[in-house]
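**Student:** Following this message is one structure expressed as structure tokens.
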Amino acid sequence: STQSTWGVWDTSSYRIISQAGGAGAGRSIAKPYIGQTDVLLSGWSDGSIRSYDATNGEFLWSTDNAHRGCIGHIMTAPNLKFFATGGDEGEVRVWEMKTRDMVCEFKEHKGAVTGLVVFENSSHMITCSKDRSIITWDLMAGRRMQSHEQRMGGITGIDLYKNQSNFVSVGHEKRVSMWDLRQPQPAKIVPYSQNTDAYATVATLSNDNRFLATGGNDQMVRLWDASELQELQCGVGHSDTINDMRFSPDDKQVVSVGDDRCAFLWNVYA
């Protein structure tokens, strides 16, 4: 939220179940929901991490000054033993879930971290940045494994395919790219839009990897064939840049949120 609040919505009734926040808390930027425990983690513009009970909005704990600047991304590991955060100054930090202690830190990005994904084995992670780089990390060894670089422009979003070998990226290059972690260059590249000023700001894969959904500064929600990178549908509704999207667990709906302070729920017919 661009305000100091967050909210959890019921998608069947379109009503807020819980919300929290308050004046002086900064802006809530990134929020993963841990469904098994009904806990919501949030990264804020003041560099703090805050946790809430997602069912009633009760404040649980905070880690102040987790980053010097804004926390742009936060994600929990599949094994729920740790979570990772990415900051505007390019730093990536990994935190133990139980103690909330920082267990490792990576400082190789030279620009703001714009996306991070933890692998299913919870042992590796991939991050992207406005510095055009995409880095794969070995979390057990605490070191970089490999790095990919986009030819032009910063990267604004990534997501990892279920095979754990391919990933998709979008950014200021105004293209959608599919990569193979074992190859230095993209395996497939397609234009994002015929609008020469448009670029994607977020990309997310469906849980079954059949579809890719993107949103951009052109206010469009686009649905793609995830294997061919062929655009299937385009949705119009937002009046400002789209900054996050997620598929529902059954892949029948997509939620998009934007700088217009609106949340849209889209049905996927396939």
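**Student:** Can you tell me which residues in the stretch 206-241 are among the aliphatic types (A, V, I, L, M) and either open to solvent by 10 Å² or more (accessible area, probe 1.4 Å) or in contact with a Gly (Cβ under 9 Å, 6 or more places away or on another chain) (or both)?
**Tutor:** Met220, Val221, Leu223, Leu232, Val236
**Student:** List pairs: first in the stretch 249-264 and within 9 Å of Ser206 (Cα to Cα), second open to solvent by less than 50 Å² (accessible area, probe 1.4 Å) and among the hydroxyl-bearing types (Ser, Thr, Tyr), Cβ under 6 Å, 6+ apart or cross-chain?
**Tutor:** Note: pairs meeting the criteria are Asp251/Ser206.
**Student:** I want to confirm something. Restricting to the stretch 252-270 and keeping residues that are assigned to a loop (DSSP other than H, G, I, E, B) and over 26 Å from Gly72 (Cβ atoms), which single residue is least open to solvent (accessible area, probe 1.4 Å)?
**Tutor:** So, considering only residues that are assigned to a loop (DSSP other than H, G, I, E, B) and over 26 Å from Gly72 (Cβ atoms), the one least open to solvent (accessible area, probe 1.4 Å) is Val268.
**Student:** Sticking with this structure for a sec: Can you report the number of residues in the stretch 187-206 which are over 17 Å from Leu116 (Cα atoms) and among the polar types (S, T, N, Q)?
**Tutor:** Looking only at that region, the number is 4.
**Student:** Moving on. For the stretch 182-205, which residues satisfy the criterion of being among the polar types (S, T, N, Q), under 19 Å from Ser227 (Cα atoms) and surrounded by 15 or more Cβ atoms within 10 Å (Cβ to Cβ)?
**Tutor:** Passing the criteria: Ser193, Thr204.
**Student:** If you go through the stretch 120-149, how many residues are open to solvent by 40 Å² or more (accessible area, probe 1.4 Å), within 20 Å of Pro186 (Cα to Cα) and aliphatic (A, V, I, L, M)?
**Tutor:** 1
**Student:** Those residues that are in a loop (DSSP other than H, G, I, E, B) and in contact with a strand residue (DSSP E or B) (Cβ under 7 Å, 6 or more places away or on another chain), I need them from the stretch 228-248; list them, please.
**Tutor:** Those that are in a loop (DSSP other than H, G, I, E, B) and in contact with a strand residue (DSSP E or B) (Cβ under 7 Å, 6 or more places away or on another chain): Leu229, Gly237, His238, Asp240, Thr241.
**Student:** Related question: Identify all residues within the stretch 84-128 that are touching a residue at least 40 places away in the same chain (Cβ under 8 Å) and among the small types (Gly, Ala, Ser); write none if there are none.
**Tutor:** Correct list: Ala84, Gly86, Gly87, Gly90, Gly111, Ala112, Gly115, Ser122.
**Student:** Could you please find all residues in the stretch 112-123 being over 21 Å from Arg50 (Cα atoms) and within 16 Å of the chain's Cα centre (by Cα)? Before you say what the answer is, go through the steps one by one.
**Tutor:** Within the stretch 112-123, the first condition is being over 21 Å from Arg50 (Cα atoms), and the residues that meet it are 119-123.
Listed by number, the residues that qualify are Phe119, Glu120.
**Student:** Among the residues of the stretch 37-93, write down those that are hydroxyl-bearing (Ser, Thr, Tyr) and part of a strand (DSSP E or B).
**Tutor:** Across the stretch 37-93, the qualifying residues are Ser42, Ser51, Tyr52, Ser62, Thr63, Thr76, Thr85.
**Student:** Among the numbered criteria (1) open to solvent by 40 Å² or more (accessible area, probe 1.4 Å); (2) more than 28 Å from Lys162 (Cα to Cα); (3) acidic (Asp, Glu), which one does Glu96 miss?
**Tutor:** Result: Glu96 fails condition (2) only.
**Student:** Quick check on my filter: what residues within the stretch 46-74 are more than 19 Å from Glu108 (Cα to Cα), open to solvent by 40 Å² or more (accessible area, probe 1.4 Å) and within 17 Å of the chain's Cα centre (by Cα)?
**Tutor:** none
**Student:** Would a scan of the stretch 94-110 turn up a residue that is at pLDDT below 95, within 16 Å of the chain's Cα centre (by Cα) and not in a loop (DSSP other than H, G, I, E, B)?
**Tutor:** The answer is no, given that none of the residues of the stretch 94-110 is at pLDDT below 95, within 16 Å of the chain's Cα centre (by Cα) and not in a loop (DSSP other than H, G, I, E, B).
**Student:** In the stretch 111-164, what residues are among the charged types (D, E, K, R) and outside any loop (DSSP other than H, G, I, E, B)?
**Tutor:** Those that are among the charged types (D, E, K, R) and outside any loop (DSSP other than H, G, I, E, B): Asp138, Arg143, Arg144, Glu149, Asp159.
The values are calculated or read from the model by the stated rules, or taken from the named source; none is laboratory data. In this text the structure is predicted, and so the values were computed from the model without any measurement. Every residue, glycine as well, gets a Cβ built from its backbone with ideal geometry; the counts of neighbours run over all protein chains shown. In case anyone asks, the SASA skips ligands and DNA or RNA and just uses the protein heavy atoms, side chains included. Shrake-Rupley method; radii C 1.70, N 1.55, O 1.52, S 1.80 Å.
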